[in-house]
Structures are given as structure tokens and as C-alpha cells.
Amino acid sequence: MCQCHEEIARWMEPLGAQVQIDGAGNFRGVYPALQPNAPRLLIGSHLDTVPNAGAYDGILGVVLAIALLEELRGRRLPFAIEVVGFSEEEGIRFGTPFIGSRALVGRLDQELLDVRDARGISVREAIEEFGLNPVKISEAELEKDTLGYLEFHIEQGPVLERLNLPISAVDAIAGQSRLEFVFLGRANHAGTTPMHLRHDAIAGAAEWIGTAERVAQSVPGLVATVGKIEAKPGAMNVIAGEAKLTLDVRHGSDEIRVRAVEDLIRQAREIAGRRGLSVRENTLLDQPAVAMDSFFIEEIEQAIVRTGCPAHRMVSGAGHDAMILAEKVPSAMIFLRTPGGISHDPAESVAREDVEKAIECGMHLLNQLASSPEFYKRTNRA
Ligand SMILES: [Zn+2]
């Protein structure tokens, strides 16, 4: 990460940007405005990644921000542009995502600093080891003059490819429900127990998994996933007495998501009752959807149309730093088509032409914002 910061600094300093690493390990580079003390627009994404990753998730958004500054060719705008390269977005090392962006909204607190990685090293110690001072984390917080946050990111899914669109505005980041279900039956001999006398926990769970898939298929934009199943006693010749499964449900509308989860809980009980099983569920996460800023969305759509592409808006099924920044400042995202929808894998890629479209869109957007009185009326909601 240190080398990565040095490399990006080498790209940004010749453009006249002031570069620093904040107390949470985020890269911050400020490209000055026409006038001193002008407000600033943040553009960025994250610089960390996952094991066995691709080359574009996160980093492309930072590279694109710098590409926009290069495209300005020395021209200064009425607002400064701060390029942000967030640290620890994925949450791989500490099991907690968005550590870098939380610092900007004042949520990198003592509790989070005490979280430890697999080797027992705390976030605080990791920050010190990196040569930074955790006491300075509060200095990473958003300045009052922040006009908003923009993030370019690969879609990480197949939707834009299917629609044959290179880029899209994001109108919301989906809310998420995560639950655990346990179906309880009666473990018994697989050879001697006739079919009509069984209380098979796996068979009940399987029926419900099919139901979950059908429910999600019947509601546009709804996704439901049973990603994990654990059966006990877990032997080939024993009817399962217990089946534990996970459910992940997401949608851009919290109302639709919550209704789907309630429906699936009701159907689990109905299936269990009919099969002489019992079922209990436990909610692990109930995270509301985060709407992106409507002014930005309209400006992004206009910029996309100016590139000769149709305007489009979509919901992000994955969480992003923009979701954290939206707590304090107007935030928005622009997705780039992801070939094959493949991400978090070395096969992850982007098309050169799509990146060109994104830069073109970004330039139109900057010019639109530079001449928009409405844009300057916005102040930090903090
Ligand atoms: Zn990402």
C-alpha cells in the first residue's frame, strides 16, 4: 500500500496537487481551484483489494479520478477536486469493511480501533506500524467545504453487459438482510425409516430454498441467496435431524426487501409445520438501502447522454464507500460495464472504450457542475 501511495503521488504532484496520507491510511490529493478557499468535490474509490483479486475493483475509480485531472490539462475549476484512495474498504484483514471511509464521516471510533486481525494485531497497531498516528484520525474527517463525493466503480455484475451499455448512474445501494434459519427434525436410520414416517430437516430446508428462489424470481430487482447449508449429523446413511442455512436478501427498496423476508419466514414455518419439523430464525443484519443524491444522478445522466450513450440508472447490489460518505455529503456513483460480470477474480476486466466513455462522462460532469449555481448552494450536511 505504501508503494501504491508513492506511485499515485508521483502521478498527482506534477498536476499541481497537494498530496498526503490521512490518519486512517487514506490517500488524499487536492487539486486546487481557481480561487483559494473554494469548496471541494471529492472523487475516489478504494485502493485495497481481496485475495486473488482482479486489477480494477476500487483502484480503477482512483485512476479515473486522476485521469480527469490530467484531462483538465492545467485548467482550474471554481471548486477544488480532492482525489481519495480509501484504505480497508473490503474488510479482509479485520473483518470490518469501510474502515478508511468511516474515518471521513467520524465513525472510526475506539471500538473499531481495538478490532484485531487473525494475528492479534489491532487496527490501532496496524495504523502505527504503517507509520501513521491514530490520534490524527479525527483530522481525516470531511471538511465543511465538501460539496459531495463521486465514485467511479466497475459494476461487478452482468447487467450493463446484458443491456449493452458501457456506463450507468447508480440510484441507490441496495439494503441487505442476513438471516440464519435452523430446521429441526428427527435424525434416524436411512434404511429402516419409511418415507412417510420421516422428519427430514434437509428435505424441508431444500423445499424452502426452492421457495426462496421462486419468491426472488417473481419480484423485479429482488435477489435472495442461500449460500451456506450445514446438516447434522451429516452422514450419508442418516436422515438429517438439523439443517442450518443462511439467507441473504437485497433490494433497492427497504419495503420490498422487508416484505420478502417476512414472506420467507412465514413460508419456512408453513413448510416445517407440514413436515412435522420446527424452524427458528435469527436476524444477523438488517441494513437499509442508501439512496444516491438525486441532483448528482440527474447531472450524471445528462453527462452520459452527452457522450452519445443512453441514460440509465441502476441499483448497486454491493456496498461501496459512497454508501458511507452519503451519511454526511451528497454522494453518487458511476458504474462501468464488467465483462462477463466477473469480479473479485484475476479474470476481472474492463474494456478500454468503456474507460474512455467514463472519462468523457466525467469531463462533461465536471463542466456541468462548474457552471451550476445549484451545485454551490449545497453545503456539508454534517
Ligand atoms: Zn470495490
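Can you go through 324, 300 and tell me which one is within 16 Å of the ligand (Cβ to nearest atom) and either open to solvent by less than 40 Å² (accessible area, probe 1.4 Å) or not in a strand (DSSP E or B) (or both)?
From the options 324, 300, the qualifying one is 324.
Please work out which residue is least open to solvent (accessible area, probe 1.4 Å), limiting yourself to the stretch 144-166 and to residues that are away from the ligand (no atom under 16 Å from the Cβ) and within 15 Å of residue 56 (Cβ to Cβ).
Checking each candidate, the answer is 166.
Would the stretch 8-15 turn up any residue that is β-branched (Val, Ile, Thr) and free of Cβ contacts under 8 Å to residues at least 60 places away in the same chain?
no
Looking at the stretch 218-250, which of the residues that are in contact with a Phe, Trp or Tyr (Cβ under 9 Å, 6 or more places away or on another chain) and in a strand (DSSP E or B) is farthest from residue 188 (Cα to Cα)?
247
Taking the stretch 85-108, which residues are among the aromatic types (Phe, Trp, Tyr) and within 13 Å of the chain's Cα centre (by Cα)?
Correct list: 86, 98.
Checking residue 55 against (1) more than 11 Å from the ligand (Cβ to nearest atom); (2) part of a helix (DSSP H, G or I), which single condition isn't satisfied?
(2)
Name the residue that is surrounded by the fewest Cβ atoms within 10 Å (Cβ to Cβ), counting only residues in the stretch 88-118 that are on the phi > 0 side of the Ramachandran plot and away from the ligand (no atom under 15 Å from the Cβ).
95
Hey, any hits in the stretch 131-139 for a residue that's surrounded by 18 or more Cβ atoms within 10 Å (Cβ to Cβ), away from the ligand (no atom under 16 Å from the Cβ), among the hydroxyl-bearing types (Ser, Thr, Tyr) and touching a residue at least 60 places away in the same chain (Cβ under 8 Å)?
no
Just the residues that are outside any loop (DSSP other than H, G, I, E, B) and open to solvent by 10 Å² or more (accessible area, probe 1.4 Å), please, taken from the stretch 6-22.
6, 7, 9, 10, 11, 13, 14, 15, 18, 19, 20, 21
Would you tally the residues in the stretch 349-374 being more than 24 Å from residue 158 (Cβ to Cβ) and among the hydrophobic types (A, V, I, L, M, F, W, C)?
5
From the list 229, 209, 202, exactly one residue is open to solvent by 80 Å² or more (accessible area, probe 1.4 Å) and β-branched (Val, Ile, Thr). Which is it?
229
So, in the stretch 125-139, how many residues would count as being farther than 16 Å from residue 92 by Cα and in a helix (DSSP H, G or I)?
Going through the stretch 125-139 one residue at a time, the tally reaches 9.
Considering only the stretch 167-184, I want to know if a residue exists there that is in contact with a Lys or Arg (Cβ under 8 Å, 6 or more places away or on another chain), part of a loop (DSSP other than H, G, I, E, B) and within 16 Å of the ligand (Cβ to nearest atom).
Checked against the condition, which is being in contact with a Lys or Arg (Cβ under 8 Å, 6 or more places away or on another chain), part of a loop (DSSP other than H, G, I, E, B) and within 16 Å of the ligand (Cβ to nearest atom), the stretch 167-184 yields at least one hit.
When residues of the stretch 67-97 are filtered for being of a type in the set (Phe, Trp, Tyr) and modelled with pLDDT of 95 or more, how many remain?
2
Those residues that are among the hydroxyl-bearing types (Ser, Thr, Tyr) and open to solvent by 40 Å² or more (accessible area, probe 1.4 Å), I need them from the stretch 247-278; list them, please.
Listed by number, the list holds a single entry, 278.
Only one of 343, 371, 331 is open to solvent by 40 Å² or more (accessible area, probe 1.4 Å) and hydroxyl-bearing (Ser, Thr, Tyr). Can you tell me which?
Every option except 371 fails the conditions.
Of a type in the set (Gly, Ala, Ser), surrounded by fewer than 19 Cβ atoms within 10 Å (Cβ to Cβ) and on the phi > 0 side of the Ramachandran plot: does that describe residue 234?
So residue 234 fits the description; yes.
So, in the stretch 23-61, exactly how many residues are of a type in the set (S, T, N, Q), open to solvent by 40 Å² or more (accessible area, probe 1.4 Å) and within 16 Å of residue 98 (Cα to Cα)?
1
Please specify each residue of the stretch 327-382 satisfying the condition of being touching a Gly at 6+ places or on another chain (Cβ under 7 Å) and in a helix (DSSP H, G or I).
Scanning the stretch 327-382 gives a single hit, 341.
Run residue 150 past the list (1) aliphatic (A, V, I, L, M); (2) over 17 Å from residue 44 (Cβ atoms); (3) modelled with pLDDT of 95 or more and report the number of the one that doesn't hold.
(2)
Consider only pairs whose beta carbons are under 7 Å apart and that are at least six residues apart or on different chains; among these, list those whose first residue lies in the stretch 64-80 and is open to solvent by 10 Å² or more (accessible area, probe 1.4 Å) and whose second residue is in a helix (DSSP H, G or I).
Short answer, once both residue conditions are applied: 67/359; 70/15; 71/359; 71/363; 78/370.
The values are calculated or read from the model by the stated rules, or taken from the named source; none is laboratory data. Remember, it's a predicted structure, so these values are computed and weren't measured experimentally. No Cβ is skipped: glycine too gets one built from the backbone with ideal geometry, and neighbour counts run over all protein chains shown. Keep in mind that these areas ignore ligands, DNA and RNA; they rest on the heavy atoms of the full protein, side chains included. Shrake-Rupley method; radii C 1.70, N 1.55, O 1.52, S 1.80 Å.
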